[in-house]
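Since the structure comes first, as structure tokens, the remarks are kept for the end.
The values are calculated or read from the model by the stated rules, or taken from the named source; none is laboratory data. Because the structure is predicted, anything quoted here is derived from the model rather than measured. Neighbour counts are summed over all protein chains in view; Cβ atoms, including those assigned to glycine, are modelled from backbone coordinates with ideal geometry. The area values use the complete protein model at the heavy-atom level, side chains included, leaving out ligands, DNA and RNA. Shrake-Rupley method; radii C 1.70, N 1.55, O 1.52, S 1.80 Å.
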Amino acid sequence: MVIEEIRVRGTVQGVGFRPTVYRLAKACGLVGEVCNDGQGVLIRVSGSEEAISEFVAKLQIECPPLAKINELIRTPYTGELNVDNFVISTSVNSAIQTEVAPDAATCPQCQKEIFDPFSRFYRYPFTNCTHCGPRLSIIRAIPYDRCNTSMSAFTMCSECAKEYYDIGNRRFHAQPVACHACGASAWLERADGKAVTASMFSMLDDVDAACTLLQKGKIVAIKGLGGFHLACDATQETVVQKLRQRKRRYHKPFALMARDMEVIEQYCIVNNKEKELLTSSAAPIVLLQRKGLGIETENKCSLNFNIAVSVAPEQNQLGFMLPYTPLHHLILRRMNRPIVLTSGNIADEPQCIDNNEVKEKLGTIADYFILHNREIINRVDDSVVRVVDEKVQTIRRARGYAPTAISLPPGFENVPLILAMGSELKNTFCLLREKAVILSQHLGDLENAVAFHAYKETLNLYLNLFKHEPEIIAIDKHPEYLSSKLGKEITNINKIKINSIQHHHAHIAACMAENNIPLDSPPVLGIALDGLGYGEDGKLWGGEFLLADYRKFTRLATFKSVAMIGGEQAIYQPWRNTYAQLIAANLWDNCQQQYADLEIFQFLKNKPLKLLNQLIEKKINSPPASSVGRLFDAVAAAIGIYRDECSYEGQAAIAMEALVDINILNNNKETLIYPFEFSFSDSIYCIDPRPMWQALLHDLQQQIPQAFIAAKFHKGLANAIVEMVKRLCQENLIYQVALTGGVFQNCILLEQVTKPLQTLGIEVLTHSLVPANDGGLSLGQAVITAAQFRR
């Protein structure tokens, strides 16, 4: 007989791991104990060496669905085990090195119970077990025990306690377990403060009444898992428009929720991978190709339920998710058409999470509220993903994924504790410790004061939750980013080191890290295309080819820099970029004669061109930027897509992607590819779009359709990138290319670049675990700093 201590690290608390250990230990005839502590789960077992090895093997094979084992270490135990059976011991407080599980969508067993009239969980909106339910959203401290969550406010009844302590029950040690008798409750309120009377609806309860209200064209604010949502019937154009006006979200697509896959498949084409994502425990919003504006439902209603045009204007995709809490399942039980389910906030602010806050802020937006009394500790928005060429592409990493740790590649041992502050837009922050990083959920754009306050609150909560005391703070080089300024404040207060990271180097390093590229690997060719980032030369970059490893980089090529006339105004007024591009290409004067009749020139002539020229010449609030994001905007404006104004960054580019003619994409004729030209100066290549503009203007004069021009631009840009990669790879003997930055969230560009490079035998690294946009930036900041300061 031998005694071993088995240390298990990873996502192993609050996911049914200890019950699984108990069951397997008993099956293998072992005695001993298992407990939670700050590092994860600690197991001590006594038995034959063969039985212990069998137990360890089974533990890894039969790991619970929400658990993830990152590390399992077996060592001899010299102490005594004063037990004659196998037991689950009380949790031990110790140094925090374990992980917190993400919130998980309702499991099939719990779904069945809430619709079973004979179950004690019938129509209970907060039903859960060890396989599903709230985790991150309710936790205050580790270990993940009920007393450390917002469920501490609710004392278990005898029936729930019986299940909680029953080792054979799937609710064994499920911390949020509760029922009608002892748990949280949900109720309906009117936004105008008037009483809700039962005579107003034919309903089972307040939750069922919400369905009736949605069907009647009302806007309902629903308190969900990680925050409030605003909901309305997605097939009623009038109410969707009303929601847009009240919320002041005029164009950005709304997310949709549908009762089941059958409803989603009426509106969208869903492949197996997309279905797998929709029905997973993460239950993200999945961007799906739409079949059309709607079809007639079969055997359910005589009406056509078309998705309102205002749900996703000028988009060929819809963002769908399935219900992920019992509350959502119950609301949608009678709803045979989709609902809008968008973040419950005023435009650009974080989601509301508090009952009083939502009444104050959303009282003029919602008609009714579905409230509950389980406190939300951590605000967690919905994740957004899409499938590109059978690979998952994360666009927003939040509920269901955060804060799952991401393992560090080989070579990142003996690194200091690091806090990476992230970017200004689409912010996340990152905690790096031995062997793993913890990336926060999506926190939004910090330029909004309320969002920045929420960022600081969440940062403090994570630092306390994981007892993370950073030795180094990593920040973006941009001197005006609020996250960077806060990082400097933290270093000054705590007298610790700070490390400034170039924006696009961080993008590339994040892509390398999630693809498990070892620390001491040869450099890759990183292509980082985005809106903008602060360059090493103090200028704005956004179209970069960098020879990079984790420690350093060399800029090999870039796109031609063009003035952003009016600075930030150029992001929201695409025509400014069109004019700047034509001036930079020395085409304006000639084009006024040759293309004077074009709509774009008639439009631009009505702008204060003399003033704009002075801004460019005197470099007043018109910084030059090598931004491919702004090039997309310029082309979109030239062909008449959101020419005058956008309500959010990238709107014109996204609409142009949706417009692309697929037949042109699949045609390899050179005449269908817009040309770009290369030059070499000061040891760096430059890609110049001047010939592209000449060809595009000619097509406009020939009245070539928008969809054709959009396709030719995508093909031409992709071709220019591929040709530059071929040249740089040959000159620098590179065989790995990393594609990163927000521009590569464009599926067409990503595919048009990836496939030719793979045909050439080049390994292409792309994003999956973290966003290609600035949501993944903090990961790159963290690993660069770890590499540069490795002990």
**Prompt:** Under the Karplus relation 6.51 cos²θ - 1.76 cosθ + 1.60, θ = phi - 60°, what is the ordered set of whole-Hz ³J(HN,Hα) values for region 274-280, x standing for Gly and Pro?
**Reply:** 5, 5, 4, 5, 4, 9, 6
**Rotationally averaged projected area of region 365-424 (alpha carbon convex hull; nm²)** = 8.7 nm²
**Request:** Can you sort 715, 218 by 1.4 Å-probe accessible area, starting with the largest?
**Result:** 218, 715
**Message:** Below 13 Å, Cα to Cα, which aspartates and glutamates can residue 712 reach? Residues fewer than 8 away in the same chain don't count.
**Reply:** 657, 661, 670, 699
**Message:** Over the Cα atoms of region 576-625, each weighted equally, I'd like the Debye log10 I(q)/I(0) at q = 0.23, 0.28, 0.29 Å⁻¹, rounded to two decimals.
**Reply:** -0.89, -1.21, -1.26
**Message:** Per residue, how big is the convex hull of region 452-592 when only Cα atoms are used? Give it in Å³.
**Reply:** 153 Å³
**Prompt:** Nearest 0.05, what FRET efficiency do residue 185 and residue 521 give at R0 = 41 Å with Cβ-Cβ as r?
**Reply:** 0.15
**Asked** Of the listed peptides 618-625, 220-227, what is their order by residue-averaged count of other C-beta atoms within 10 Å, with the highest listed first?
**Response** 220-227, 618-625
**Message:** I want to verify the translational diffusion coefficient of region 688-761 in µm²/s; compute it with Stokes-Einstein, Rh as the Kirkwood radius over Cα pairs, at 10 °C and 1.306 mPa s.
**Reply:** 116 µm²/s
**Message:** Show log10 I(q)/I(0) for region 346-390 at q = 0.15, 0.27 Å⁻¹, two decimals, from a solvent-free Debye sum over equal Cα scatterers.
**Reply:** -0.52, -1.15
**Asked** Say R0 is 45 Å: what FRET efficiency, to the nearest 0.05, do residue 120 and residue 140 get from their beta-carbon distance?
**Response** 0.95
**Percent accessible area from carbon and sulfur atoms, the chain, protein chains only, probe 1.4 Å** = 48 percent
**Computed P(r) (all Cα pairs; region 1-119; 5 Å bins; percent)** = 2, 11, 21, 22, 17, 11, 7, 5, 3, 1, 0
**Asked** Where in the chain are the helices, taken as whole DSSP H runs, whose Cα atoms extend 20 angstrom or more along the long axis and whose Kyte-Doolittle mean reaches at least -0.5?
**Response** 449-465, 706-732
**Complete:** Ranking 322, 696, 461 from most to least accessible area with a 1.4 Å probe gives 461, 322, 696
**Prompt:** Can you list residues whose amide H is under 5 Å from residue 738's amide H, if they're 5+ apart or on another chain and H is modeled 1.01 Å from N?
**Reply:** 525, 526, 527, 765
**Item:** Ratio Rg/Rh, restricted to region 549-632 and using Cα atoms, in which Rh is the Kirkwood radius
**Value:** 1.06
**Message:** Through the Karplus equation 6.51 cos²θ - 1.76 cosθ + 1.60, θ set to phi - 60°, convert the phi angles of region 152-169 into ³J(HN,Hα) values in whole Hz; use x for Gly and Pro.
**Reply:** 4, 6, 10, 8, 5, 6, 5, 5, 5, 4, 4, 5, 4, 9, 8, 4, x, 9
**Request:** Tell me the label-point distance for the pair residue 155, residue 480, using the 7 Å Cα-to-Cβ offset, in nm and rounded to one decimal.
**Result:** 5.7 nm
**Prompt:** Taking every eigenvalue of the Cα gyration tensor of region 656-791, multiplying by 5 and rooting it, what semi-axes result, largest first, whole Å?
**Reply:** 31, 18, 14
**Fill in**
For residue 681 the rounded accessible area (nearest 10 Å², probe 1.4 Å, non-protein molecules ignored) is 70 Å²
**Asked** Taking N as the number of residues in region 505-569, what is its Cα Rg relative to 2.2 N^0.38 Å?
**Response** 1.22
**Complete:** Once all protein chains are kept in place, residue 179 shows an accessible area at probe 1.4 Å, nearest 10 Å², of 10 Å²
**Residues whose placed amide H lies under 5 Å from that of residue 498, excluding near-sequence neighbours** = 473
**Request:** Please express the shape of region 664-710 as an equivalent ellipsoid: the semi-axes are the square roots of 5 times the eigenvalues of the C-alpha gyration tensor, given largest first in whole angstrom.
**Result:** 26, 13, 7
**Request:** Using only the Cα atoms of the chain, build the gyration tensor, take square roots of its eigenvalues as a ≥ b ≥ c, and label the shape rounded, prolate or oblate: rounded if a/c is under 1.5, else prolate if a/b is larger than b/c, else oblate.
**Result:** oblate
**Complete:** Once the dipole of region 690-791 is set up from charges on Cβ (+1 Lys and Arg, -1 Asp and Glu), the residue from the list 710, 771, 728 lying farthest towards its positive end is 728
**Request:** Please give the contour-minus-distance gain from residue 493 to residue 690: 0.36 nm per residue of separation, less the Cα-Cα distance, rounded to one decimal in nm.
**Result:** 65.9 nm
**Message:** Per residue of region 370-385, what does 6.51 cos²θ - 1.76 cosθ + 1.60 with θ = phi - 60° give for ³J(HN,Hα)? Whole Hz please, x for Gly and Pro, Karplus curve as stated.
**Reply:** 9, 10, 8, 10, 9, 5, 8, 7, 10, 6, 9, 7, 6, 6, 10, 9
**Asked** For region 319-371, what is Rg from Cα atoms divided by 2.2 N^0.38 Å, rounded to two decimals?
**Response** 1.25
**Request:** Run the 1.4 Å probe and let me know the accessible area of residue 605, rounded to the nearest 10 Å².
**Result:** 90 Å²
**Request:** Please quote Rg/Rh for region 581-676 to two decimal places, taking the Kirkwood radius as Rh and restricting both calculations to Cα atoms.
**Result:** 0.99
**Message:** Shape verdict for region 254-409, please, from the Cα gyration tensor: rounded (a/c under 1.5), prolate (a/b greater than b/c) or oblate.
**Reply:** oblate
**Fill in**
In vacuo Debye sum over C-alpha of region 300-389, base-10 log of normalised intensity I(q)/I(0) at q = 0.26 Å⁻¹, listed in q order, is -1.54
**Long-range amide H partners of residue 559 with built H, under 5 Å** = 543, 687
**Request:** Let me know the charge dipole size of the chain about its Cα centre in debye, to the nearest 20, where only the beta-carbon of Lys, Arg (+1) and Asp, Glu (-1) is charged.
**Result:** 900 debye
**Message:** Ordering 654, 673 by accessible area with a probe of 1.4 Å, largest first, what comes out?
**Reply:** 654, 673
**Message:** With +1 on the Cβ of every Lys and Arg and -1 on the Cβ of every Asp and Glu, and nothing else charged, how large is the dipole of region 1-132 about its Cα centre, in debye rounded to the nearest 20?
**Reply:** 440 debye
**Request:** Would you mind getting the Kirkwood hydrodynamic radius of region 80-165 from its Cα pairs, rounded to one decimal in Å?
**Result:** 15.3 Å
**Fill in**
One checks the Cα atoms of region 600-652 and finds Rg and Dmax, in Å, of 12.2, 30
**Request:** Express the relative contact order of the chain as a whole percentage, based on alpha carbon pairs under 8 Å and six or more residues apart in sequence.
**Result:** 11 percent
**Prompt:** If r is the Cβ-Cβ distance from residue 195 to residue 216 and R0 is 22 Å, what FRET efficiency results, to the nearest 0.05?
**Reply:** 0.75
**Prompt:** What area, in nm² and to one decimal, does the C-alpha convex hull of region 407-463 cast on average over all directions?
**Reply:** 4.0 nm²
**Message:** Could you work out the pair-distance distribution P(r) of region 325-460 from its alpha-carbon pairs, with 5 angstrom bin width and percents rounded to whole numbers?
**Reply:** 2, 8, 14, 18, 18, 16, 11, 7, 4, 2, 1, 0
**Request:** Please calculate how many Å² of accessible area the chain carries per residue, with a 1.4 Å probe and no DNA, RNA or ligand atoms counted.
**Result:** 39 Å²
**Request:** Could you sort out which of 218/273; 247/359; 610/715; 218/252; 435/477; 216/242 sit more than 23 Å apart by Cα distance in this structure?
**Result:** 218/273; 610/715; 435/477
**Asked** So for region 45-161, taking the charge dipole from beta-carbon charges (+1 Lys/Arg, -1 Asp/Glu), which of 144, 57, 70 sits furthest toward the positive end?
**Response** 144
**DSSP-defined antiparallel bridges as percent of all bridges, the chain, nearest 5** = 75 percent
**Asked** Which number comes out as Rg/Rh for region 376-517 once both Rg and the Kirkwood Rh are worked out on C-alpha atoms?
**Response** 0.94
